[in-house]
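Comments concern the structure below.
Throughout, read-outs are computed from the coordinates displayed, never taken from laboratory work. Keep in mind the model is a prediction, meaning the values are calculated, not measured. All Cβ positions, even for glycine, are placed from backbone atoms using ideal geometry, and neighbour counts span all protein chains on display.
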C-alpha cells in the first residue's frame, strides 16, 4: 500500500532544459516560413534527444530557457503546438515504417519457405535431370536467403526504430514550457 507523500514532497517529472538565444534556435536556419510552419532544427532535435535519453521512461518536462526580454506568449504557444505536432507526425511515420517492415518480413519469410518446399519437391522428382538440378541449386539458397531476410525484417527492423519511436513519444507527451533566465 502506498503512503501519501508529505505535503512538502511532490512527484515531479524528469526535466530537460535547453538554453536558447532566440526562438529561431528551435527551427532550421534555412526555413524562412512563419513559426507555425517551420521545420525543426536538427541541432535542436539532437540536443533534445541526447538530454531525453538520460531521463527515465514516461512523461518529461521540456523547459526552453530564453532571455526574459525576448519572450512572447503568442509565439511560444505556436512553437509548443508546432513541437507537439512534429513529434506526433514522426511517431505516425515511424509506426507506419515498422508495420511495412514487418509485413515485408512476413512476405519474404513465406516466399522463402515456399521456395525451399519447391526445392525439396525438385529433389524428390529426379536427380539425373540437369535442368532440375540447376533449378534446385537456384531455389534452395534463394529460399534460405529470403527466410533469413524476412526474419531479420520482422525481429530486428522494428528494434532499430524503437529508440526513435521512444524519443518521439516522450517528446510528444512532454510538458513544454518557456522559462526566463
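Okay, here's what the table says:
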quantity: Neighbour-count order for 161, 99, fewest beta carbons within 10 angstrom listed first; calculated: 99, 161
quantity: Residues residue 28 and residue 166, FRET efficiency given R0 of 30 Å [Cβ-Cβ distance, rounded to 0.05]; calculated: 0.80
quantity: Size-normalised alpha-carbon gyration radius of the chain, reference 2.2 N^0.38 Å; calculated: 1.65
quantity: Folded to 0 to 90 degrees: helix 158-172 orientation relative to the chain principal axis, Cα; calculated: 20
quantity: Extension reserve of the residue 152-residue 103 stretch, reckoned as 0.36 nm per residue once the Cα distance is removed; calculated: 16.5 nm
quantity: With Cα atoms, 0 to 90° folded angle of helix 73-125 axis to the chain main axis; calculated: 10
quantity: Computed E for residue 124/residue 92 - FRET, C-beta separation, R0 35 angstrom, nearest 0.05; calculated: 0.10
quantity: Listed residues 34, 14, 56, most fluctuating in the chain (Gaussian network, C-alpha, under 10 Å); calculated: 34
quantity: Degrees, to the nearest 10: 130-152 long Cα axis against longest axis of the chain; calculated: 20
quantity: Gained length - residue 59 relative to residue 159, 0.36 nm times residue gap less alpha-carbon distance; calculated: 33.9 nm
